[in-house]
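Nothing in this text is a laboratory measurement; each read-out follows from the coordinates by a stated rule. Computed from a predicted model, the values in this text were never measured in an experiment. In this analysis, Cβ positions are derived from the backbone assuming ideal geometry, glycine residues included, and neighbour counts consider all displayed protein chains.
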Amino acid sequence: MSTLATTAAPYDAEREARARRLRGKVWSGFLYGLMTIFLVNVFLMIASVGLNSIAKVWRGTWLPDGWTTSWYFDAWKEFQLGDVLWVTFEVVGAVVLLSVLLGVPAAYALARREFFGKRWLIFLFLLPLMVPSITYGIPLATVMYQVHLAGTIWGVIFANVIPAMPFVILVMTPFIEQIDPNLESAARVFGARTPQMFLHVLTPLLAPGILAAALLVLVRTIAMFELTFLTAGSDSQTLVVALYYAVFAAGVRAPQSVDAMAMVYMAVTLVWLLVALQFVNPTQLVSRVKEHPQPA
């Protein structure tokens with residue numbers, strides 16, 4: 001009996017191992033299949049828009065009758081893309097700067113101080129991330145119109161800072177918590193005031209987190225439609241709002257020029273994202289902090 005049991009045990013273990021390997025292969029194949037379908041669909045959608053943006057005319061065939069880049073020049077003139085891109089650059093730059101300047105000190109206070117109502121304050125800061133933008137965007141826009149702030153570029157910047165600053169707080173708080181408070185105490189012992197300590201001691205250590213937070217704010221602000229749409233005027237529209245008006249506003253427009261504008265929007269977003277990723281890799285931020293621990 002013992003011999004049979006000893007022989008059966010390795011056999012069962014080997015069969016179970018083969019079954020686990022088979023399940024792993026099936027699951028991996030399923031995931032890779034889903035990823036492939038998703039990527040193919042995204043590629044086909046982008047390819048269809050890009051193809052239509054350089055097509056002369058379609059006659060019910062798979063390919064158009066000729067190619068042209070004139071739709072891009074028409075879209076640039078018709079939709080005043082030069083002014084729209086400049087406004088987008090101003091809004092995104094101001095939102096990123098204000099969010100970092102306001103969010104980093106707020107994250108420092110939340111990471112270093114304990115006070116009554118701290119959890120409620122954190123909840124208040126993170127509320128714009130948990131609530132859909134349109135929910136608080138409509139009453140916010142109503143108040144801004146009453147104080148004559150909506151319709152201006154400063155109104156658009158203010159509206160976008162509200163959901164952007166929580167990203168900074170959310171990213172920066174764990175970075176600040178991982179820094180040894182003794183470094184700050186040592187800087188104060190040697191006579192450094194709070195601004196000097198923050199600028200010369202904390203800022204170099206927090207640089208990866210600040211860059212990551214700025215990257216999140218940048219990408220979110222470029223794509224933010226609801227708040228910008230509700231608060232923008234005719235001369236303070238960002239690219240995503242101008243694209244919406246190009247599609248749904250009254251009048252007859254060639255679909256090729258609208259697709260050309262969509263390609264410009266996608267190219268601008270991609271270029272800004274690639275430039276940002278040259279300075280920070282979000283997937284390596286945590287590992288960088290762990291590789292360089294602070295002295296006890």
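Given H placed on each backbone N at 1.01 Å, which residues far from Ala55 in sequence or on other chains put an amide H within less than 5 Å of it?
It is Thr68, by chain and number.
Which order do the peptides 147-153, 211-217 come out in when sorted by mean C-beta neighbours inside 10 angstrom, highest first?
My ranking of the peptides, most packed first, is 211-217, 147-153.
Considering the chain as a Gaussian network with a 10 Å cut-off on Cα pairs, which listed residue, Gln80, Gln146, Gln237, attains the greatest mean-square fluctuation?
Gln146
Please grab the % of Cα pairs in the chain that end up more than 24 Å from each other.
67
Taking other Cβ within 10 Å of each residue's Cβ, how do Met266, Met224 sort, fewest first?
In increasing order of surrounding Cβ atoms, one gets Met266, Met224.
Could you tell me how far the Cα centroid of region 24-70 sits from the Cα centroid of region 147-220, in Å?
40
Tell me the relative contact order for the chain as a rounded percent, counting alpha carbon contacts under 8 Å between residues six or more apart.
Averaging sequence separation for qualifying contacts and normalising by length gives 26 percent for the chain.
Short version: ³J(HN,Hα) in whole Hz for each residue of region 209-214, in order, from phi by Karplus 6.51 cos²θ - 1.76 cosθ + 1.60 (θ = phi - 60°), x for Gly and Pro, what are they?
After applying 6.51 cos²θ - 1.76 cosθ + 1.60, I find x, 4, 5, 5, 5, 4 Hz.
Report, in cubic angstrom per residue, the convex hull volume of the C-alpha atoms of region 35-150.
229
Using the number of other C-beta atoms within 10 angstrom as an exposure proxy, rank Tyr265, Tyr72 with the fewest first.
In increasing order of surrounding Cβ atoms, one gets Tyr72, Tyr265.
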